[in-house]
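In what follows, a single structure is set out as structure tokens and then discussed.
Please treat every number below as a calculation from the coordinates, not as lab data. Since the structure is predicted, the reported quantities are computational estimates derived from the model, not experimental observations. So basically every Cβ, Gly included, is an ideal-geometry build from the backbone, and we count neighbours across all protein chains shown.
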Amino acid sequence: MADPKPKPRKARVPATRIERAGKVGALLAQVAGNVAWSVARGGSPGDLANSANAERLANALADLRGAAMKLGQMLSMQGEDLLPAPLGEILATLRNRATYMPRGQVHGVLRRELGRDWRERLSEFEDEPLAAASIGQVHAAVASDGRDLALKLQYPRIERSIDGDVDGLVLILRTLRVLPPGLDLDELVPELKRELHREADYRREADNAERYFKLIGESEDLFAPRVHRDLSTRRLLALDRVRGLPVEDLRSPAHPPERRDRLGGAILRLTFRELFEFRYVQTDANFANYLYDPARERIALLDFGSVRRVTQPFMRSYARLVRSSIEGSREKLLECGREMGLLKGDEEREVLERFAGLCEAAAEPLSREGPYAFADSDLPLRARDLGLRAYESSSLPSFPPALLFIHRKLAGTYLLLQHIGARVDARAIFESVAP
């Protein structure tokens with residue numbers, strides 16, 4: 001069985017800018033005070049990336065929800081690769097940490113989105129949510145005509161808080177000095193804000209969900225739920241209810257290895273199809289965005305808010321970079337790195353060696369002939385160490401935002417396959433899909 005999740009807490013979502021700014025400001029003051037105390041005692045600001053301080057940060061983000069929590073989750077997807085271990089581990093708990101709106105706030109959202117007669121449009125509604133995330137929470141419901149639904153309700157006024165939340169959290173992380181080297185926040189933060197504003201538009205997410213439904217249909221291994229437009233708005237999304245188990249359940253000995261391998265391969269194939277065939281990528285590989293349907297032994301895809309388009313020229317260049325990493329051709333690899341803006345062309349030999357080593361490690365599952373045992377690999381730890389070494393020098397350009405989102409998806413997919421213990425012929429899948 002899957003590991004038990006933390007017991008959910010009910011807490012009102014801070015709705016006004018003043019209320020949210022006050023909470024972020026209080027956390028910043030506490031962090032800054034701790035940093036000053038650490039430095040005064042001969043330590044460094046980075047010493048505060050310890051479990052106690054990171055736990056305090058994670059709790060604050062879970063209560064705020066919204067963009068602050070989402071950014072914490074996004075950083076956690078790199079946590080196993082680039083963030084200091086205590087901070088990465090604690091922020092990773094945001095993927096499962098649940099803080100729910102109380103009943104009165106939930107009903108207020110339903111009144112605003114469906115009207116005062118919302119109870120007449122739903123024959124059943126469960127006040128206790130099925131799940132809670134950064135932007136909204138999901139409730140089981142039955143439409144008046146009998147349709148079995150999952151209703152995704154957006155937290156009140158969360159869209160208005162995005163810019164302030166992101167700025168506040170970035171200031172906290174800068175104060176702690178724990179952000180990965182090579183992460184150009186001046187370029188990344190505006191892109192993050194745009195991404196989060198897009199995620200807060202549930203009409204856009206409905207469009208994404210419908211497109212995925214058409215792209216993958218109801219295959220033997222994967223499926224996407226249908227959208228119900230008559231009960232969907234900009235801040236409320238109605239989908240088919242999917243009944244299943246957390247995807248982590250697949251690592252249980254109750255599941256035969258062949259099932260884990262088949263479904264892990266299907267997830268990886270979808271990732272490569274998104275990148276190279278659809279060029280339409282759901283960039284959030286959070287474990288909670290997958291559900292295992294035991295009745296039909298397949299995986300449901302649950303979240304379509306964080307979807308990005310990538311261009312064909314960019315992905316062709318990326319495929320060449322991956323292939324040169326697989327082949328071990330340093331000359332081609334460095335040429336591709338310069339073509340994509342990952343290298344400036346004047347780096348010292350040692351820096352180039354570090355960059356090449358990082359690329360080759362990231363492509364390791366694709367470099368092996370036959371099935372790659374994700375569960376037995378220490379790739380995430382090695383990639384983290386290589387990433388820190390490669391970007392500790394300022395001579396390497398920062399990653400383009402588009403590539404950060406792609407790597408977020410790939411890293412999340414690799415972590416998921418590792419988590420469920422899948423053995424997958426990653427190279428064969430890549431070669432069957434990539435240009």
query = In terms of modelled amide H atoms, which long-range or inter-chain residues lie less than 5 Å from the amide H of G136?
reply = Y155
query = Listed here are the pairs K214/K332; K344/K409; K214/K409; which of them are more than 31 Å apart at the Cα?
reply = K214/K332
request  = Rounded to whole Hz and in sequence order, give me ³J(HN,Hα) for the range 291-297 from the Karplus expression 6.51 cos²θ - 1.76 cosθ + 1.60, θ = phi - 60°, writing x for Gly and Pro.
outcome  = 9, 8, 9, x, 5, 10, 6
query = So for the pair R198, R157, with labels modelled 7 Å out along Cα→Cβ, what separation do we get in nm?
reply = 2.7 nm
